[in-house]
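The values are calculated or read from the model by the stated rules, or taken from the named source; none is laboratory data. All values reported here derive from a predicted model rather than from experimental measurement. Please note: Cβ atoms are built from the backbone with ideal geometry, for glycine as well, and neighbour counts cover all protein chains shown. These area figures cover heavy atoms from the full protein model, side chains too; ligands, DNA and RNA do not enter into them. Shrake-Rupley method; radii C 1.70, N 1.55, O 1.52, S 1.80 Å.
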Amino acid sequence: MSAEEERFLKDYVPREYPSVALAVDLVVFAVTGSTLNAAFVRRGNHPFKDALALPGGFVLPDEDALTAAWRELEEETGLDLGEHRAHVEQLATFSAPKRDPRMRVVSVAHLALLATDGRTLPDLARGSDAAAAEWLPVYNVLADGDLAFDHREILAAALGRLAGKIEYTLTAARLLPEEFTLNQLRRVYQAVWNTTRLDAGNFTRKMTGALQDTGRKVTHGKGAPAAVFTVRDEYLSPPLIRPAK
């Protein structure tokens with residue numbers, strides 16, 4: 001560092017510039033049956049007290065955004081992603097000047113995909129400043145629910161990201177155990193796209209080239225044994241186009 005730069009930094013006064021706080025929000029998706037769910041909290045404090053919200057909070061001085069996201073999720077819902085098969089990626093930065101009525105707050109939103117067996121979801125337990133924590137169907141919340149801050153916008157962006165990516169990648173498999181059946185995978189697609197219009201035969205033809213048959217079969221209920229697969233190729237070619245509404 002040059003002497004000139006040292007003098008500049010010594011004389012630099014951060015408080016002369018507008019203060020901006022950094023926060024994180026998380027959209028955690030998981031599937032049961034053919035329903036896409038997300039983790040929500042009820043805010044225990046103002047602003048938006050008692051309103052439905054996504055888990056999240058402020059980034060501490062010694063944290064990066066991803067570390068803060070994992071911490072806030074565990075503090076508010078009791079969910080430790082390290083204990084589950086989970087995929088986490090940065091979604092987008094939300095920076096509208098008045099998105100938080102308290103002060104200027106920029107949020108780095110993250111998308112998390114939590115693998116389940118399609119039957120049960122991990123228990124959530126409220127913590128820190130959350131009055132409650134619960135799984136709710138995503139499409140119901142988008143249709144009927146008023147969310148705190150700009151969390152409806154964040155939720156819609158996360159859904160759009162996931163719904164688009166599964167057209168050309170096997171990202172949907174991240175919502176399942178490492179080994180799964182075609183029926184389980186098809187249910188994930190139905191859940192994310194909120195549709196029942198996925199022909200089983202066409203779906204199988206589209207998926208088979210990207211999957212690896214384990215040679216094993218499983219039986220669910222009274223149906224015939226179903227082959228068990230893992231992901232062989234992350235990309236679908238040609239892509240699977242979602243049905244029109």
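Between 0 and 90 degrees, rounded to the nearest ten: what's the tilt of helix 65-77 against the longest Cα principal axis of the chain? Its long axis makes an angle of about 70 degrees. Note on the chain: Lys pairs 8 or more places apart or on different chains, Cα atoms under 30 Å apart, count 7.
Annotation for Glu167 and Val13: the two label points, set 7 Å from Cα along the Cα-Cβ direction, are 5.3 nm apart. Computed with the Debye formula from one identical point scatterer per Cα of the range 162-245, without solvent, the log10 of I(q)/I(0) at q = 0.12, 0.18, 0.22, 0.23 Å⁻¹ comes to -0.32, -0.73, -1.09, -1.19.
Couplings 3J(HN,Hα) of the range 13-24, computed from phi: 10, x, 5, 6, 10, x, 7, 10, 8, 10, 10, 10 Hz, in residue order, whole Hz [Karplus 6.51 cos²θ - 1.76 cosθ + 1.60, θ = phi - 60°; x for Gly and Pro]. The figure for Val20 is an accessible area of roughly 80 square angstrom, using a 1.4 Å probe on the protein chains alone. Can you check what the net charge comes to around Ala21, using other residues whose Cβ is under 9 Å from the Cβ of Ala21 (Lys, Arg +1; Asp, Glu -1)? Taking every Cβ under 9 Å from that of Ala21, the sum is +1. Dipole magnitude for the chain: computed about the Cα centre from +1 point charges on Lys and Arg Cβ and -1 point charges on Asp and Glu Cβ, it is near 1320 debye.
Note that the chain presents 53 Å² accessible area per residue, ligands and nucleic acids not counted, probe 1.4 Å. Leu121 sits with roughly 40 Å² accessible to a 1.4 Å probe, with DNA, RNA and ligands left out of the calculation. The length gained on full extension between Asn202 and His84, counted as 0.36 nm times the residue separation minus their Cα-Cα distance, comes to 39.3 nm. Each Lys or Arg adds one and each Asp or Glu takes one away; over the other residues whose Cβ falls under 15 Å from the Cβ of Ala130, this sums to -4.
For the chain, the relative contact order is 21 percent, taking Cα pairs closer than 8 Å that sit 6 or more residues apart in sequence and dividing their mean separation by the residue count. Note down the net charge around His87, summing +1 for each Lys or Arg and -1 for each Asp or Glu among other residues with Cβ under 13 Å from its Cβ. Overall, the nearby charge balance is +1. Measuring from a point 7 Å past the Cα of Ala92 along Cα-to-C-beta, which residues in the range 138-182 have an amide N at less than 18 Å? Within reach of a label on Ala92: 139, 142-143, 147-167.
Per-residue SASA remark: Thr196, around 120 Å² accessible (1.4 Å probe; ligands, DNA and RNA not included). Could you identify which residue out of Val192, Val24, Val13 has the top mean-square fluctuation in a GNM of the chain using Cα springs shorter than 10 Å? Comparing Val192, Val24, Val13 in a Gaussian network model of the chain, the most mobile one is Val13.
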